[in-house]
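Here's the structure, in structure tokens; my notes come after.
The values are calculated or read from the model by the stated rules, or taken from the named source; none is laboratory data. Worth saying up front: this structure is predicted, and the values here are computed from it rather than measured. All Cβ positions, glycine included, derive from the backbone under ideal geometry; neighbour counts span all protein chains shown. In case anyone asks, the SASA skips ligands and DNA or RNA and just uses the protein heavy atoms, side chains included. Shrake-Rupley method; radii C 1.70, N 1.55, O 1.52, S 1.80 Å.
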Amino acid sequence: MSDTHIYTTSVEYSEMRKGVLSSKGLSSLEVATPPQFPGGHEGIWSPEHLYVASAEICLMTTFLSIAEKSRLEFVGYSSEAIGTLEKTTEGMLMTKIVIKPTVIIQDESKRDRTLLLLEKAEKYCLISNSMKTEVTMEPTVILNSEKTAK
């Protein structure tokens, strides 16, 4: 595997602060200015959403890779991420992203190992490591029986 990888995207303006994001071989995605800004749109992916999502997706895919290599058996993975955009002395910046992954396991004895692998995924997430934004994780590991009891 090469040490350099290139990813290309393109965006084409459509109308009213909206456009279409695409990349060869992938589904296109409508993108727009977020609703908090003048001319923004509800219900359409914004650069801010995609920025937060890139850190969240990277944590998941890094965890999945590490879990597979470590032969960790788990039942499910889900997460949510919260990005904070605020005015700073440098202008509007995404100052922090908090990712809240939840991993469902079958065996209580795997809880500590699962948390350790999540921490390892956080450490090696290449997107988060490339960001100026502070990215933190608040993991939860639950037993499958706990999930069904809720």
**Prompt:** Projected area of the chain, taken from the Cα convex hull and averaged over every viewing direction, in nm²?
**Reply:** 11.9 nm²
**Message:** Using a 1.4 Å probe on the protein heavy atoms, what percent of the accessible area of the chain belongs to carbon and sulfur?
**Reply:** 53 percent
**Message:** Along its three principal axes, how long is the stretch 105-148 when you only count alpha carbons? Whole Å, largest extent first please.
**Reply:** 39, 18, 11
**Message:** Quick check: the angle from helix 111-124's long axis to the longest principal axis of the chain, C-alpha only, nearest 10 degrees?
**Reply:** 30 degrees
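Any of Lys69/Lys120; Lys18/Lys100; Lys24/Lys120; Lys69/Lys96; Lys24/Lys123 with alpha carbons more than 21 Å apart? Name them for me.
Violating the 21 Å limit, Cα to Cα: Lys18/Lys100; Lys24/Lys120; Lys69/Lys96; Lys24/Lys123.
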**Prompt:** What value does the stretch 1-47 have for Rg/Rh, both radii from Cα atoms and Rh as Kirkwood defines it?
**Reply:** 1.13
**Message:** Restricting to DSSP loop positions (anything but H, G, I, E, B) with no more than 11 other Cβ atoms inside 10 Å of their own Cβ, which GluC sites (Glu not before Pro) remain in the stretch 36-144?
**Reply:** Glu42, Glu73, Glu90
**Prompt:** For helix 47-69, what angle does its Cα long axis make with the longest principal axis of the chain, in degrees from 0 to 90 and rounded to 10?
**Reply:** 30 degrees
**Item:** Sum of side-chain charges, His49 neighbourhood, beta-carbon under 15 Å (Lys, Arg +1; Asp, Glu -1)
**Value:** -3
**Asked** What whole-number value in cubic angstrom gives the convex hull volume per residue for the C-alpha atoms of the stretch 74-150?
**Response** 88 Å³
**Request:** Enter the accessible area per residue of the stretch 35-87 (Å², integer; probe 1.4 Å; all protein chains in place).
**Result:** 63 Å²
**Prompt:** What trypsin sites (Lys or Arg not before Pro) does the stretch 78-139 have in DSSP loop regions with at most 11 other beta carbons within 10 Å?
**Reply:** Lys132
**Asked** Between the DSSP loop rule and a limit of at most 15 other Cβ atoms within 10 Å, which trypsin sites (Lys or Arg not before Pro) in the stretch 1-61 are left?
**Response** Lys24
